[in-house]
1. Using the Cβ atoms and a cut-off under 12 Å, what net charge is assigned to the surroundings of A:Thr96, where Lys and Arg are +1 and Asp and Glu are -1?
2. How big is the stretch A:3-290 along each principal axis, measuring the range of its Cα positions in Å and listing the largest first?
3. Given the pairs A:Lys161/A:Lys289; A:Lys132/B:Lys46; A:Lys132/A:Lys152, which are separated by over 30 angstrom at their Cα positions?
4. Find out how many positive minus negative residues lie around A:Phe183, taking Lys and Arg as positive, Asp and Glu as negative, among other residues whose Cβ is under 12 Å from that of A:Phe183.
5. Given R₀ = 22 Å, FRET efficiency for B:Ala45-A:Arg109 by Cβ-Cβ distance, to 0.05?
6. Listed highest first by mean packing, meaning other Cβ atoms within 10 Å per residue, what order do A:106-116, A:161-171 come in?
7. For the stretch A:157-295, I need the span (max minus min coordinate) of the C-alpha atoms along each principal axis, in Å, sorted largest to smallest.
8. On the Cα set of the stretch A:129-182, report Rg and Dmax in Å, please.
Amino acid sequence: MPPRKTFHIVLATVGFAAFSAPATRAQEGPYFVTYNHYLEEPGNLEIEYSSTFGTQRGGNEFHAYWMEFEYGVKAWWTTEFYLDGQTTFGDSTIFTGIRWENRVRPLKREHLINPVLYVEYASIKGADKILKEVEGHDAEADFAPSNGTLSKEHNHEIETKLILSGTFKGWNISQNTIAAKDFSNAPWEFAYAIGVSRPLALKARANRCSLCPQNFAAGVEMYGGLGDSESFGLHDTSHYLAPVLVWNLPSDWALRISPGFGLNDNSHRFLLRWGVSREISGFGPMIGKLFGRRQ
Amino acid sequence: MRLVLPILILFVFPEIAPQVGAQDHANQKPTKRTTIYDEIAQAPAKARAKRNPLESDPDAIAAGRVLFEQHCQECHGRSAEGAGRGPSLRVEEIQTAEPGAIFWILSNGVVRRGMPNWSKLPEPQRWALVCFIKSLGKKPS
C-alpha cells in the first residue's frame, strides 16, 4: 500500500475513532510540565489540545498551543507526537514545529520510586513559546523579539529526562531531571521539574458522577533551568511555580488548568495553561483490524 | 525517504503487521492462557496476606462495577468474560485467588504481557475493583 494512502487511512481512523470510541474514562494527572511514571494504556490513543498564555515584558503577550497525540505502544512504552504553534498579539500566528517523544518504564513492577526514561526529538523554531520545558538559561527576554526574527532560528534538539515518580497514600510526587542538546555546537542544557498532586477523594462513589471529588486531582509543580554544561547553576535561569488542577470526566474527556507564576526577574510574570483531552480506547487494535490483523 | 512513513507507522503500530501477527496468533499454544493466570502466583506472601479494607463496605461492589466499566471492560469484556486483549476474570484461578493477590496484580500490572499497572487509581478504588471482581464468582454468569 502506498505510504500516502496508509497515512490517509490512519488519519481517517483517528477522526472516526474520536467520535465512535467506547467510553472509558481518562485518568489524567494534573501536570503540564512534570511527568509522572504513569504511561498510556497499551492500544489507547489520547488526543490533547493545550494552550499557554504568557505575559511578556519588552514585547507582546502571546498565546502558544500544541496538539498532542499520545499512544500506548506497550504497557511499558508510550510514544507521543506534538504539533506546536503560537500567536503573538500584534504580530502574527505561526506554526513552530514538531516533537516526538518516547517514554519507557524499565522496571516491570511498581516500586516506591519508579524510574521512567524519556527521549525526545524536537524540530522547532526559535519562536516556539509553549514553554513545556524551561531549560538552560532560558529567560523571558528571549521571547521579546518579533516572530519574524525568532523564526530565523531553527533548532534540532534531542532532549532526555530521567523521571522519578511514586505514589503514597494517594499523593504523587514526581521529579524530572532534564538534559537537552541542540544538534549544533551548543552545550548541553539542564533543567528540572517537580510536581506533587493528589485526587480530591480517594474512594470511588457507587454511581457515575461528573462533579464528585474523585474526578478531580489538584497539586502544584515547580520547574526551571539549571544552566548548561559551560555554566551550570541557577544564575541567569528562570523558574516557575504553578498550581494544577485536572477534571477527569466520566465521558472520557479531561480538562486541565494551571496558572503559573514566575519566581524571578528572568521569568515571565504569569503563564496561564489549559488543556482538553480525549482518550480513544482500543485505537491500536482498531487500526490492526483495518489491516486484517485478527484479535 | 518514501520508506520513512511506513517504517515509522509499523514501528509505532505493530498491530498493522497482519501476516506476522496472524501467524503468531495461530501458533499460540493453549498453555499461554495458563501462563497469564500464573502471574497471580507471583504475588508475594505479604501482598496476599493483605486484608481488603472495603470487605464489609456495602457500596464497594457497586463502586467497583463503575470503575470496572470505566477502566477494565475494554480489555476484559463487558461481563469480565474475557475479550481479545484481556483474559476472563470469572475463571477459577481469579475467583479462588486471595483478594490481596488480585490487588497486587492491579497495582503492578502484567506489564510485559500488556496489562498496565493501575496504581494511578488510589488504593480504595483498587480495593473496590477487587470487591467487584470477587463478586463475579458469587452469582451465575
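No value in this document is a laboratory result; all are computed from the given coordinates. Everything numeric here is computed off the predicted structure, so don't read it as measured data. When we count neighbours, we look across all protein chains shown, and the Cβ atoms used for this are built from the backbone with ideal geometry, even at glycine.
1. Numbers: positive: A:Arg99, A:Lys125, A:Lys129, A:Lys132; negative: A:Asp84, A:Asp128, A:Glu153.
It works out to a net charge of +1.
2. Per principal axis, max minus min of the Cα coordinates gives 52, 49, 37 Å.
3. Details: A:Lys161/A:Lys289 35 Å; A:Lys132/B:Lys46 41 Å; A:Lys132/A:Lys152 21 Å.
Over 30 Å apart, Cα to Cα: A:Lys161/A:Lys289; A:Lys132/B:Lys46.
4. Counting the neighbours of A:Phe183, the net charge comes to -2.
5. Values: r = 15 Å, r/R0 = 0.70.
After rounding, the FRET efficiency stands at 0.90.
6. A:161-171, A:106-116
7. Largest first, the stretch A:157-295 extends 54, 42, 27 Å along its Cα principal axes.
8. 15.7, 50
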